[in-house]
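Structure, as structure tokens:
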Amino acid sequence: MADSPKVRVRFAPSPTGQLHVGNARTALFNWLFARQHGGTNILRIEDTDVERSEARYEDQLISDLKWLGLDWDEGPDVGGESGPYRQSDRMQLYHDYAERLLKEGKAYLCFCSAEGLEADRKRAMAEHTSPIYSGKCRAIDPAESQKRRANGEAAAIRLRIPERPIKFHDIVHGDVEFSNEVVSDPIIVRSSGMPVYNYVVVIDDAEMKITHVIRGDDHLSNTPKQVALYEALGWPVPEFAHLSTILGADRERLSKRHGATSIANFRAMGVLPEALVNYLALLGWAPTGGTRETFTPQELVKEFSLERVTPSPAVFDMQKLYWLNRHYIAQSSPERIMDLATPFFAKAGYVPAQLDASAREWLGKVVALVVPSVDKLEDLPQRAEMIFRYDAQAAIAAPDNAEVLSAEKTNAVIAAFAKKVEAETGPISAERFKAIVNEVKTETGAKGKELFHPIRVVITGSHSGPEFDKLIPIIETGSALNLPSHVLSVRERVGKFKSLNRG
């Protein structure tokens with residue numbers, strides 16, 4: 001018995017825009033399948049859409065794939081035995097095979113004008129029939145066709161679809177069958193000389209010896225045309241696995257109106273790559289047994305199976321992604337999170353882009369204080385706003401603080417607290433702050449919320465927030481640093497609050 005061919009898969013994006021989650025999941029599933037089987041993973045750039053393809057998009061998608069932790073064995077940036085890996089560099093190959101199909105009578109020249117084809121389509125729609133090609137050029141004598149083309153008459157090249165159903169097996173969807181009438185005779189090369197997607201993808205996959213085509217199910221209807229091409233060229237048909245559509249929470253196809261959809265968006269939001277990879281793997285796939293939801297890439301390679309990919313649409317749940325992101329943030333080293341967080345604080349204008357040792361150490365404590373309460377790293381500056389921005393007027397006007405500020409003992413608590421803070425001559429330590437609060441408690445008889453909430457409003461502008469024993473040293477140390485935002489000390493905050501005649 002002959003050995004099965006070595007697994008070879010490919011991810012073949014078009015550089016016409018940013019890499020979105022659907023394509024990223026396709027890239028991930030191809031990578032997992034290749035790595036699990038010790039096979040070859042290929043990156044191919046499908047740039048035959050000349051008007052929309054741009055080098056910057058190719059650079060971006062390669063950067064995004066590497067950020068996700070995905071790699072490839074052959075591709076435009078690493079080379080390989082199956083190159084070139086951009087379709088724009090393979091045009092001669094496509095034309096050679098098209099001429100071969102014409103010569104063998106498996107394709108024919110079509111002289112129908114675009115206007116005529118559009119009229120046929122509109123007529124079919126009006127008659128409520130399928131808008132398929134009439135086949136009027138099928139019967140033209142090949143010699144006559146070649147003569148007309150040689151005389152300069154514009155002609156597309158169409159594949160002759162056999163007069164029988166086209167069948168193939170899909171690992172996700174099972175046995176699939178399309179009638180030849182539905183498929184019609186597809187154009188493989190336009191009259192402009194530009195080959196079409198459904199043609200070039202077959203040439204590339206066959207030439208690159210792809211064994212498994214793993215892609216989105218929006219390509220399912222393209223597959224019979226491609227199978228017919230494999231058969232016409234006498235090539236083995238690869239295995240197909242069409243991945244389910246990804247939907248938004250409203251169960252409509254995921255799009256920009258649902259929020260972030262591109263990998264660049266998630267990177268900019270401060271979602272960790274391992275969280276996104278983990279989440280993408282669970283979109284339309286489930287591991288065997290149990291309800292486990294966190295997996296490292298290595299564990300995914302071990303667990304992954306195309307047979308456990310569901311044909312049902314997958315719903316993108318942003319809250320589930322955030323849950324995983326919080327998990328991986330907690331698992332990460334403080335140094336890593338600090339490095340990732342710093343640009344967000346710099347963008348907010350809170351710290352310089354380059355930190356000296358003392359500022360870095362201090363900001364690390366800020367990050368550690370607020371990071372457990374964020375879904376994504378871009379939220380860190382907002383969560384830490386109480387440290388960097390103090391607005392006494394806003395604190396007094398805030399509806400959430402109204403009940404606290406109107407309580408019976410609030411004025412006495414604030415007055416006693418302010419008097420003691422103003423009497424301090426140096427930075428207030430956590431221990432000294434605790435002692436001051438205890439003195440205020442004794443003098444005013446306030447305790448619990450009626451003691452702590454007014455003091456918290458005075459210091460942070462809100463009646464809720466981090467524990468004082470961690471917050472106070474951060475505020476006091478930060479006020480001594482030369483930061484763009486100038487962190488106000490406890491004494492400065494009390495002064496601003498008093499100046500508005502509270503207490």
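Laboratory data are not the source of any read-out in this text; all were calculated from the coordinates shown. All of these numbers come straight from a predicted model, not from anything done at the bench. Counting neighbours? That spans all protein chains shown, and the Cβs are built from the backbone with ideal geometry, glycine included.
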Volume of the Cα convex hull of segment 384-498, divided per residue and given in Å³: 92 Å³
Filter the trypsin sites (Lys or Arg not before Pro) in segment 19-116 down to the DSSP loop ones having no more than 15 other Cβ atoms within 10 Å, then list what survives. R52
For T296, T48, T223, order by how many other beta-carbon atoms lie within 10 Å, fewest first: T296, T48, T223
Using +1 at the C-beta of Lys and Arg and -1 at the C-beta of Asp and Glu, which of T442, S406, I475 has the Cα lying farthest in the positive direction of the dipole of segment 384-498? T442
Can you give the angle from 0 to 90° between the axis of helix 410-422 and the longest principal axis of the chain, with both taken from C-alpha atoms, to the nearest 10? 80 degrees
Suppose a student asked you for the relative contact order of the chain, using Cα pairs under 8 Å spaced at least 6 residues apart; what percent would you report? 12 percent
Over 12 Å apart: what share of the alpha carbon pairs of segment 457-503 falls there, rounded to a whole percent? 65 percent
Identify unpaired cysteines across the chain, taking unpaired to mean no other cysteine Cβ lies under 4.7 Å from the residue's Cβ. C112
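Over all directions, how big on average is the projection of the convex hull of the alpha-carbon atoms in the chain, in square nanometres? Intermediate values should be presented prior to the final figure.
Numbers: hull surface 132.2 nm².
That works out to 33.0 nm².
Tally Lys and Arg at +1 and Asp and Glu at -1 over the other residues with C-beta under 14 Å from the C-beta of G270: what net charge comes out? Mind dumping the intermediate values first?
On the way: positive: R267, R326, R336, K347, K376, R383; negative: E274, D339, D375, E378, D379.
With Lys, Arg at +1 and Asp, Glu at -1, the neighbours total +1.
Can you put M269, M208, M91 in order of Cβ neighbours within 10 angstrom, beginning with the fewest?
Numbers: M269 18, M208 21, M91 14.
In order of increasing Cβ crowding within 10 Å: M91, M269, M208.
Within 15 Å, Cβ to Cβ, of Q36, how many net charges do the neighbouring residues add up to if Lys/Arg are +1 and Asp/Glu are -1?
Values: positive: K6, R8, R35, K302, R308; negative: D71, D73, E239, E299, E303, E307.
Net charge around Q36: -1.
With charges set only on the Cβ (+1 for Lys and Arg, -1 for Asp and Glu), what does the dipole of segment 332-381 come to about its Cα centre, in debye to the nearest 20? All intermediate terms of the calculation are to be shown ahead of the outcome.
On the way: 5 positive and 7 negative charges, 6 e Å.
In total the dipole reaches around 20 debye.
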In degrees, nearest 10, range 0 to 90: what is the angle between the Cα axis of helix 430-444 and the longest Cα principal axis of the chain? 60 degrees
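What are the GluC sites (Glu not before Pro) within segment 327-413 that DSSP puts in a loop, where the Cβ has at most 13 other Cβ atoms within 10 Å? The partial results should precede the final answer.
Details: sites: E335, E361, E378, E385, E403, E408; in loops: E408.
For GluC sites (Glu not before Pro) across segment 327-413 that sit outside H, G, I, E and B with at most 13 neighbouring Cβ atoms in 10 Å, the list reads E408.
Around H242, with a cut-off of 9 angstrom between Cβ atoms, what is the net charge of the other residues, counting Lys and Arg +1 and Asp and Glu -1?
Working: positive: R215; negative: D170, D217, D218.
Net charge around H242: -2.
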Segment 332-381 - Kirkwood radius from inverse mean 1/r over Cα pairs (Å): 10.8 Å
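Listing D47, D317, D96 from the residue with the fewest other Cβ atoms within 10 Å to the one with the most, what is the order?
Taking fewest neighbouring Cβ atoms as first place, the list is D96, D317, D47.
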What does the charge dipole of the chain about its Cα centre add up to, to the nearest 20 debye, if the Cβ of each Lys and Arg holds +1 and the Cβ of each Asp and Glu holds -1? 1000 debye
Please tell me which of these pairs span more than 28 angstrom C-alpha to C-alpha: K347/K419; K106/K147; K409/K434? K347/K419
